[in-house]
Amino acid sequence: MDGFAPGWARPGEGGGADPAAVGRALRAHVPRSAHARLALARNGAHRHGRDPVRAVVESNAGRLPHLIPIRTGRMLASPFTFLRGTAGLMAADLAAATPATGVAAQLCGDAHAGNFGIYGDALGRLTIDINDFDETVPGPWEWDLKRLAVSLVLAGRVSGASEAECRDAARDTAAAYRETLRTLARLPAMDAWNAVADGELIGPVGAAAAHQLRDTVDRVAEKARRNTSAKFAAKSSERGPDGRWRFVDAPPVLRRVPDDEAEAVASSLADYVPTVSADRRPLLGRFAVHDVAFRVVGCGSVGTRSYVVLLRDHLDEPLVLQVKEARPSALLPHLAEAGFPVPDAAEHGGHEGRRVVFGQKRMQVVSDILLGWTTVRGRPFQVRQFRNRKGSVDPGALPGHLLDDYGRLTGVLLARAHAHTADPRLLAGYCGRGEQLDEAIGAFATAYADVVEADHTELAKAVRDGRMPAETGV
């Protein structure tokens, strides 16, 4: 029997060394306790030649200038929101000042606690998972876990949780990640791949966290069920005298665009349709485009080009698509310093929207059925449903005891996502049964949260001094 696809084992082949044993052997190279290390050279605001304010300015390259003050204002709101806007800065610090085992996984790239949420599947059922993949790229699994842990400490400090509760949340997030990998390593491959679906969580750690968070998650889920294209369209559009529906300006968040710009976006959908799964294309053919508007989104994404497209079917029921600019991952410049290969652009056809879509599908169990990509005026974009029954927990509003439970939940989800592209047996072998990794991640998260707070202070000073324009409350 010939012609096995690359990466497939032949019958009788054991696949080489035991992955769990390989993982355990990595501890000699990078002890689990070493993940507490944060070897940043400090000199005022400068760290290993990096200035946080300058890093923010550099990350604004290519963004729409009139929206940059809104981005700065949103990052200024708290150290947690500053973290949300500086995935590249943290990646630079992780590459320069922290160890890595050399094991790669498909990364979210921006796995902070606010990038997990509820959304609807094709049948309208709700599931919970990572839900933002703008920075996705193959890289060191530790980076996602450390970013998640740091974000929980910062969110806890915003909500008024005690320092012990913040550190516990970071530590227990790592514990849930580790225990979930051990669970996945013991499951048949198909069961492990589909372990998290429709809001069901794996293992006793995830179940306990879900129980404690039940009321909070139920409230978010109820709100998510109402968060649909129909609701957004009813609020944000009106029918014109010609019978066509048009968006209503709501500056600065939502605004109409010139006809030529709207036509460029609408026309790009012809190239988007072939990127959707073939069995879903007839569905898109039953909708007609009515209008296009520009909509400001997110925190780190502010300033990038993002459109909403209003479509209607034969019964005048709306569908809203988001056409969002896809920029190169902010992690990309720092992978080589950490000893990881820089992905070849040819892997995703040289198209950043395709990179985002493929990364999302690699990490999620259930993905938006209308995910795809296109090009508008030479720029790459991702396309997805807008307001697809989405909802999320605000980690900065959780009391300390729920912050810990939410951290465990996100740790479960992150481990499951990583296990699609990194063998859970290998990662479980490295992470082990003991709490060494948990304690190290907790210590790192606390130390790096202090760094982020100092960086946030530097940004605030730059705004006060007039060096950085900021528009708050938007």
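Just so you know, all these numbers are worked out from the coordinates, no wet-lab data involved. These figures come from a predicted structure and were not determined experimentally. Please note: Cβ atoms are built from the backbone with ideal geometry, for glycine as well, and neighbour counts cover all protein chains shown.
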Cα-only Debye scattering, region 336-388: base-10 log of I(q)/I(0) at q = 0.17, 0.19, 0.23, 0.29 Å⁻¹: -0.62, -0.74, -0.93, -1.14
How large are Rg and Dmax for region 41-164 when calculated on the C-alpha trace, in angstrom? 16.1, 54
So who's got an amide H within less than 5 Å of the one on THR136, skipping anything under 5 residues away but keeping other chains? H placed 1.01 Å off N, in plane. none
Given pairs LYS146/LYS223; LYS235/LYS324; LYS235/LYS461; LYS146/LYS231; LYS324/LYS361 and cut-off 28 Å on Cα-Cα distance, the over-length ones are LYS146/LYS223; LYS235/LYS461; LYS146/LYS231
In whole Hz, with x marking every Gly and Pro, tabulate ³J(HN,Hα) for region 21-31 from phi via Karplus 6.51 cos²θ - 1.76 cosθ + 1.60, θ = phi - 60°. 5, 4, x, 4, 5, 5, 5, 5, 7, 10, x
Note down, for the chain, the three equivalent ellipsoid semi-axes (square root of 5 times each alpha carbon gyration tensor eigenvalue), biggest first, whole angstrom. 35, 28, 22
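For region 267-315, what is the convex hull volume of its Cα atoms per residue in Å³? Mind showing how you got there, number by number?
Details: hull volume 5.4 nm³, N = 49.
Convex hull of Cα atoms, per residue: 110 Å³.
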Counting only residues 5 or more apart in sequence or on a different chain, those whose built amide H sits under 5 Å from that of TRP245 are GLY240
The longest stretch of the chain containing none of the chymotrypsin sites (Phe, Trp or Tyr not before Pro) that sit in a DSSP loop with at most 13 other Cβ atoms within 10 Å is 9-474
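Loop-only check: which trypsin sites (Lys or Arg not before Pro) in region 415-447 are DSSP coil with at most 13 other Cβ within 10 angstrom?
Passing sites in region 415-447 are ARG433.
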Note to self: Kirkwood Rh of region 287-341, Cα pairs, one decimal, Å, is 13.8
Please give the calculated 222 nm ellipticity per residue for the chain, where each DSSP H segment of at least 4 residues contributes -39500 (n - 2.57) and the sum is spread over every residue; nearest 500 deg cm²/dmol? -13500 deg cm²/dmol
How big, in percent, is the set of alpha carbon pairs in region 290-401 lying more than 21 Å apart? 50
Local charge sum around THR410 (other residues, Cβ-Cβ under 15 Å, Lys/Arg +1, Asp/Glu -1)? -4
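According to the Cα gyration tensor, what semi-axes, each the square root of 5 times an eigenvalue, does the equivalent ellipsoid of region 109-203 have, listed from largest to smallest in whole Å? Don't skip to the answer; put the middle values down first.
On the way: eigenvalues 118, 59, 42 Å².
Gyration-tensor ellipsoid for region 109-203: 24, 17, 15 Å.
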Histogram of C-alpha separations across region 402-474, 5 Å bin width, %: 3, 12, 12, 17, 14, 11, 10, 9, 7, 4, 0
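Hey, can you rank 216-223, 178-185 by average C-beta count inside 10 Å, highest first?
Peptide ranking by packing, descending: 178-185, 216-223.
Given Cα pairs under 8 Å that are at least 6 residues apart, what percent is the relative contact order of region 291-350? Mind showing how you got there, number by number?
Working: 55 pairs, mean separation 12.9, N = 60.
Rounded, it is 21 percent for region 291-350.
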In debye to the nearest 20, the charge dipole size for the chain, taken about the Cα centre with +1 at each Lys and Arg Cβ and -1 at each Asp and Glu Cβ, equals 400
With N denoting the number of residues in region 328-474, provide Rg(C-alpha) divided by 2.2 N^0.38 Å, to two decimal places. 1.34
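By counting other Cβ atoms within 10 Å of each Cβ, how are MET190, MET75, MET90 ranked from fewest to most? Don't jump to the answer; show the numbers that get you there.
Numbers: MET190 8, MET75 28, MET90 25.
If I rank by nearby Cβ atoms, fewest first, I get MET190, MET90, MET75.
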